[in-house]
Amino acid sequence: MKPTAQSPFVGARTFVFRRYLTLRYQLTSATNVAAKAAHRAHKLHKKEMKDERLRNFFGWCEGCMAYSSIF
């Protein structure tokens, strides 16, 4: 087996590749944070809509009970 010759650009290539990996990690971290924030906001909105719906329903029921107690 013949040993392969080292390229003079090995150090530069390693430097660039490491910087690429760091940049890619930072970009994916930023998008994950944004995606989680959007997911949290969507869940909060959904919960608020459900709470409002239940408030309206039980408010209507209490109104009916008050109205029926007259008779």
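The values are calculated or read from the model by the stated rules, or taken from the named source; none is laboratory data. Bear in mind the structure is a predicted one, so any value in this text is a computation, not a measurement. Every residue, glycine as well, gets a Cβ built from its backbone with ideal geometry; the counts of neighbours run over all protein chains shown.
Quick look at the values:
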{"item": "Flag if Ala66 is assigned to a helix (DSSP H, G or I) and surrounded by 10 or more Cβ atoms within 10 Å (Cβ to Cβ)", "result": "no"}
{"item": "Residue pairs meeting the criteria (Cβ under 9 Å; at least 6 apart or on separate chains; first in a helix (DSSP H, G or I), in segment 1-23; second at pLDDT below 80)", "result": "Arg13/Ser7"}
